[in-house]
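All remarks here apply to the structure that follows.
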Amino acid sequence: MTPAAFLGKALVTVVILVFVFVFGMPIVWLLLAPTKSSTELTGQPPFSFGSFATIADNWSRLSEFQNGIIWQWTGNAALYTGVALVITLIVTIPAGYALAMTKFRFRGVLLILTLVVMLIPNTALVLPVFLEMSALKLVGTPWAVILPFSFFPFGVYLTYIYFTTSVSQDLLNAARIDGASELRVFRSVALPLATPVIALVGFFNLVGNWNNYFLPFVMEPGRKAPIQVGLAELLSNVPLFNPTSSASVTLDLPVMALATIVSIAPILIVFLFSQRFLVEGMTAGGTKE
C-alpha cells in the first residue's frame, strides 16, 4: 500500500470514528438509560445495562403520568400526520404529473413559485398560517395542524422531476394512441410506475410532520398536542431541567429517555419497512430514459 493510499484510508477511518462517537454514543446512551433508575444513571458507568425490572418500572411511571397522556399525544401525532399524508399524496402526485406532462400558460412561473416556497423556512410561515387558520376559526381543531401539514411543495417538485426523467414518454404515448384518456394514462400507467417517488414523498412528508414542533405548539396546545410538543411538557416536569417546577408528580431522566424512544419509534419502524422503496426513489432520475 502506498503512503498516499494509507493516509487516505486512515483519514476515512478517523472520520468514521468521529461520526460514531458524536452521533452513535448518544443513541446508545438513550437506549440504555431506561434500564436504570435515576440513581443508577448517575452512579453507574454511562453505557452499562441496568435491569429489565427497571425498564418495566419506568414504563409504568410513563404510562401513569397524567393518566397516560403520552399515548394520547402519540395518537394525536398519528392522526395529524396520517391524515395529512393521505391529503398530500392525493394532491402532490397528480400535481407533479400535470406539471411534467402538460404544457400550459404560466407553467414556468408556477414551477419557480414552487421552488421559492420550498426555500422559505417553515417557522417563517407559522405566523401567517396561524392568522389564516384563525380567520377560518380552525385554531384549536385538528384541521389547524392537518391542513398546513398537507402543504408540501417539495413533494410536487420531486414528483415533477421523477415523471420528467424516469418515466418513459413512449410508454405513455402508446397508451394515449390506444385511446386511453389522460386520467386513464395517469391511473393505469404512470401511477404504478411512480411507486418509488410516492414512497419518497410520503416518507419525507411523514418525517417532517411528525417531528414538527412549532406549528402544533401554536395551533394545538394541551392534550390535543402531538408527541413532540408533549415531550417539551414532559421535560418541564424533570427537576434537573426545571428546578422551579411546582408539579406534584415529577419525572426522572430515565423516564424522559423512555418517552423520547417512544416518540421516535414509529418513524424508525416506518423507515425499516420502507427503505427499499426509499432507495429506489432516491436513485430514480439519475439517468435519462
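A few comments on the model shown:
- Rounded to 10°, Cα long-axis angle of helix 153-165 versus longest principal axis of the chain: 50
- Taking the helices alone, the chain has a mean residue ellipticity at 222 nm of -21500 deg cm²/dmol, built from -39,500 (n - 2.57) per DSSP H run of at least 4 residues and averaged over all its residues.
- Rounded, prolate or oblate (a/c below 1.5 giving rounded, otherwise prolate when a/b exceeds b/c) for region 82-213 by Cα gyration tensor: prolate
- Computed from Cα atoms, the angle from the helix 69-101 axis to the main principal axis of the chain rounds to 20 degrees.
- When the Gaussian network model of the chain links Cα atoms closer than 10 Å, the mean-square fluctuations of 18, 229, 109 top out at 18.
- Integer Hz, Karplus 6.51/-1.76/1.60 couplings in order for region 7-20, x for Gly and Pro: 5, x, 5, 5, 5, 4, 4, 5, 4, 4, 5, 5, 5, 4
- Counted by Cβ distance under 12 Å from residue 50, the other residues give a net charge of -1, where Lys and Arg count +1 and Asp and Glu count -1.
- Nearest 10 degrees, 0 to 90: helix 126-135 Cα axis against the chain principal axis: 80
- Local electrostatic count, residue 160, Cβ distance below 14 Å [Lys/Arg +1, Asp/Glu -1]: +2
- Cα convex hull of the chain, projected area averaged across orientations, nm²: 22.6
- Candidates 26, 34, 153, ranked by Gaussian network fluctuation over the chain, Cα under 10 Å, top entry: 26
- Top of 170, 178, 252 by mean-square fluctuation, Gaussian network on the chain, Cα under 10 Å: 178
- Net charge of the neighbourhood of residue 75, taken over other residues with C-beta under 14 Å away and scored Lys/Arg +1, Asp/Glu -1, is +1.
Where a number appears in this text, it was derived from the coordinates with a stated rule and is not lab data. As the structure is a computational prediction, the values presented were derived from the model and not from experiment. Cβ sites come from the backbone with ideal geometry, for glycine too, and all protein chains shown count toward neighbours.
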